[in-house]
Every structure is written in C-alpha cells, then in structure tokens.
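Nothing in this text is a laboratory measurement; each read-out follows from the coordinates by a stated rule. This is a predicted model, so every value here is computed, not measured. Methodologically, a virtual Cβ is constructed for each residue, glycine included, from the backbone with ideal geometry; neighbour enumeration extends over all protein chains shown.
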Amino acid sequence: MNALRHATFAAGLALAPVDAGGTESISWQALADERAVIRIADAIDRAVDAQDWKLARSYFADRVTADFSSLSGQPAATIASDDLIGAWAANLKGSKTSLHLRTNHQTTIEGNKATVLSNGYAWNKMEGNGDPLWEVWGTYEHRLSRSAQGWKVDGFRFRMTHERGNPWVKTTPGQ
C-alpha cells in the first residue's frame, strides 16, 4: 500500500502544473506541507458536515482567532477552540444539516507558519419555517502553525461575499 501511495504521489507531481514562470523548484517537504494544510482546511468542512465535533476539534490549536464578522456582525476574537467547536455543535445539530465546499486553494508556507486561502460555499438546511435553505458564498483564510502534533489551525476567517435564502435557517439551532 505504501508503494502505491508513493507512486500516486510521484505521478501527481509529474502532472502538477508549474508556476507561471516554470522555474521555481519545489522540495518534497514543501509539497507535503502544502498538501497537509489544504487537507486540514478541507477536512474541517467534512467533519462539520458529519457533525463529528471531536474530529473537527482535532484540527485546531488550543486557541484560535476566529473572524466571522462579515457573517455575524461580531468582531474577531481569540477564543478557546473548544468554544468555537461548541458553538458550531450547538447550531448544527439534529434536524439542521450543512454542506461546505471550498476550492481554488492558495497556500503560503513560511517555516512553521502557513496560510490557506480558498473560495467557499456553504448551505444549511432545516425544515420548519418556510424555505428550508440558507446559502452563503465567500472566502476563507486558515492560518496554521506547525507543532510537535503537526499542523494546527490557530486563525480562521470567513469573508462573506453573498448570501441568500431563509435567515431563520441561519440563526436557529437544530433540534
């Protein structure tokens, strides 16, 4: 299985686009780090949609600077990651489902710090008060630090560009 994984990785490298200048050399470690931080950003979405709060929490450092000001009107704050995950769990539960998608990842890695920028789309669905759907589009910024436990998110920002649907679905916790 390991040989297959390495062969697949090598094939991916061979087929991967190079930068516009085509002259930048990329080390195996840089590629592995880039893949790791993108995987974490995507895995958070999958864990949230599956309502697997323990898994979602595992991707975060103990404290995180969270900025959802464009969505909630509340200022950015540095909080315990347990509190962030607890708030998500309180809102997205039971009868309320979600789907999060992201694309066009752009990474910057400098030593033990990384940033992942991506475009995102999400919806929440819940029956009970008119239109059961609320949707949002925007950009995400995940800031990560490398520790002995690997890469962990210590900063998270969502900048909403558009929303539509039933605001009741957005603001009402699932039952």
Query raised in the report: How big is the charge dipole of the stretch 28-171 about its Cα centre, in debye rounded to the nearest 20, if each Lys and Arg gets +1 on its Cβ and each Asp and Glu gets -1 on its Cβ?
Result: 120
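Longer than 21 Å from Cα to Cα, which of LYS96/LYS152; LYS125/LYS152; LYS113/LYS152 are they? Say none if no pair is.
Numbers: LYS96/LYS152 27 Å; LYS125/LYS152 29 Å; LYS113/LYS152 10 Å.
Flagged as over cut-off: LYS96/LYS152; LYS125/LYS152.
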Requested in this report: Treating each Cα of the chain as an identical point scatterer and ignoring solvent, apply the Debye formula and state log10 I(q)/I(0) at q = 0.13 Å⁻¹.
Outcome: -0.72
**Report entry** Helix axis angle, 2-15 relative to the chain longest principal axis, alpha carbon, degrees
**Finding:** 90
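Over every pair of different alpha-carbon atoms in the stretch 72-122, take the mean of 1/r and invert it; report that Kirkwood radius in Å. List each step's numbers first, then the result.
Working: mean 1/r = 0.0720 Å⁻¹.
This gives a value of 13.9 Å.
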Query raised in the report: Quick one: what Rg and Dmax do you get for the stretch 20-93 from the alpha carbons, in Å?
Result: 16.0, 49
Requested in this report: Mind checking which aspartates and glutamates have their Cα closer than 19 Å to the Cα of LYS93? Skip sequence neighbours fewer than 8 apart in that chain.
Outcome: ASP45, ASP49, ASP52, ASP82, ASP83, GLU127, ASP131, GLU135
